[in-house]
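Where a number appears in this text, it was derived from the coordinates with a stated rule and is not lab data. In this text, all values refer to a predicted model and were calculated from it rather than measured experimentally. FYI the Cβ positions are ideal-geometry reconstructions off the backbone, even for glycines, and counts take in every protein chain you see.
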Amino acid sequence: WPDTQLQLCIFHINQNVSLNVKRKWKGPGGLINELDVTRNREAAEDEAIQNLNDRARANEALSCGQQPQEIPHIPTGFCQLWAYVMYANTEDDFDAAWDRLLEEFADQDLALKYITDTYLLLRY
């Protein structure tokens, strides 16, 4: 599983997921509500996601045991769980992270549909 070769750049996948999750987000936190979001908050959210990317780049596997117990119900929280899906070290970790993403963000059907239709076509 960890030897699976990606055909796309992880950085660009994560950027596209982040943007599309914000575009498709239902409720506070999406692009529709962008006017009430400050630049400092956006920078902090991007930094949190970047920290996960940096850990993975340094070959630090993100296992399910490392997932935070509470995930904020905002686009950044969605992207944090998505990082655990992307950087799963084993197939079991992948499945557990994906299941948690589906459970935590079941109300965000458009964002989940984007991911399944764009990146997980052959799996789900």
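Going by average Cβ neighbours within 10 Å, how do the peptides 114-120, 91-97 rank, with the highest at the top?
Peptide ranking by packing, descending: 91-97, 114-120.
Once phi is turned into θ = phi - 60°, what whole-Hz ³J(HN,Hα) does the Karplus curve with 6.51, -1.76 and 1.60 give for every residue of region 11-19, x standing for Gly and Pro?
4, 6, 4, 5, 5, 5, 4, 4, 5
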